[in-house]
Amino acid sequence: MKKGNIMKNSVVIAYYNGKEYIKEQAESILGQLGAEDELIISVDSDQDGSGELLREMAENDGRLKLIRGPGQGVVKNFQNGLLHCTGDLVFLADQDDVWLPQKVEKVTACFKDPDVTVAVHNAQISNEGLKPLDETTFQWRDSGPGFWKNIKKNSYIGCCMAFRRDILNRILPVPDSIWIHDQWIGLLAEQLGNPVFLEDVLLLYRRHGGNVTELTHGSVISMLKKRYDMIMGINRRIRRWKREDAKKKKFL
């Protein structure tokens with residue numbers, strides 16, 4: 001896993017018919033990874049004709065690993081990718097963005113502090129041609145740490161996040177009631193250590209007609225239900241941690 005102070009990095013993409021942008025994104029990621037790092041692409045669907053392209057990319061770079069997705073939506077697809085990670089740090093990535101230079105270097109530097117469990121960086125919101133729009137993700141989401149702050153308005157945006165793999169045993173599985181994996185991971189990571197929010201713009205956050213995450217909100221009832229499910233799910237998970245920890249202490 002570790003050689004000296006060097007950490008192995010795993011990057012996970014939940015892939016679904018992303019032929020148009022995946023090559024550009026993969027190249028921007030692989031160009032920053034070391035020889036021992038890995039890019040895991042969990043493929044839910046390649047019915048857009050991208051199967052051959054994905055296989056060619058994997059054949060050309062052994063760090064890129066294709067795995068079959070469960071076909072149960074984006075949360076389960078990311079979870080599937082996370083279960084295959086072998087790195088010390090895990091980066092989440094979307095199939096249609098572009099990583100800017102020094103993203104890996106600046107984000108991994110945050111984890112020199114052993115108390116840091118999750119890092120989130122800023123990103124430039126861009127159009128489908130990667131032309132910058134008027135906002136960054138930090139401006140859009142008023143980004144920063146805090147449980148209730150991120151319940152009210154989530155700023156744990158997956159494509160801008162990295163976290164320690166050793167917290168996955170606390171985070172997974174993601175409950176079926178949870179509709180968004182990155183907020184779940186971020187809020188739980190806050191309970192396990194310290195979050196870091198980097199002002200550095202390290203990603204071009206591409207917006208186009210096929211994005212899963214929209215810049216607009218759902219109905220009030222829908223948003224309230226999602227927040228309720230998130231709070232209840234996190235409370236249940238923390239109670240489970242406490243029971244498990246109490247059992248371990250009992251047998252020490």
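The values are calculated or read from the model by the stated rules, or taken from the named source; none is laboratory data. In this text the structure is predicted, and so the values were computed from the model without any measurement. Here Cβ is always computed from backbone atoms with ideal geometry, including for glycine, and neighbour counts include all displayed protein chains. For accessibility, only protein heavy atoms count, side chains too; no ligands or nucleic acids. Shrake-Rupley method; radii C 1.70, N 1.55, O 1.52, S 1.80 Å.
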Worksheet item: Can you list the trypsin sites (Lys or Arg not before Pro) in segment 1-72 that are in a DSSP coil and have 15 or fewer other beta carbons within 10 angstrom?
Response: Lys2
Worksheet item: Over the chain, what is the percentage of antiparallel beta bridges among all DSSP beta bridges, to the nearest 5?
Response: 30
Worksheet item: Which value, in debye to the nearest 20, describes the size of the charge dipole of segment 104-187 about its Cα centre when Lys and Arg Cβ atoms bear +1, Asp and Glu Cβ atoms bear -1, and nothing else is charged?
Response: 160
Discussion item. Looking at the chain as a GNM with Cα springs under 10 Å, which of Gly144, Gly87, Gly71 has the largest mean-square fluctuation?
Written reply: Gly71
Worksheet entry | Ile157 - accessible surface, heavy atoms, 1.4 Å probe, Å² rounded to 10 | 20
Discussion item. Quick check on my link table: of Lys65/Lys106; Lys19/Lys149; Lys76/Lys247; Lys131/Lys152, which ones sit more than 32 Å apart, alpha carbon to alpha carbon?
Written reply: Lys19/Lys149
Worksheet item: Separation between the Gln102 and Ile67 pseudo-spin-labels, each 7 Å from Cα along Cα→Cβ, expressed in nm?
Response: 3.3
Worksheet, complete the sentence: The answer for segment 25-95, accessible area per residue at 1.4 Å probe in Å², is 43
Item to complete: Using the heavy atoms of the protein chains and a 1.4 angstrom probe, tell me the accessible area per residue for segment 125-192 in square angstrom.
Response: 43
Discussion item. Beyond 27 Å, how much of the Cα-Cα pair distribution for the chain remains, as a whole percent?
Written reply: 35
Worksheet item: Rounded to the nearest 10 Å², what accessible area does His84 show when all protein chains are kept and the probe is 1.4 Å?
Response: 90
Fill in: Between segment 62-97 and segment 190-204, the Cα center-to-center distance that results, in Å
20
Fill in: Backbone N within segment 128-151 under 14 Å of label point (7 Å from Glu199 Cα along the Cβ vector)
138-139, 143-144
Worksheet item: Taking all protein chains as present, what is the carbon and sulfur share of the accessible area of segment 92-174, in % to the nearest whole number, probe 1.4 Å?
Response: 51
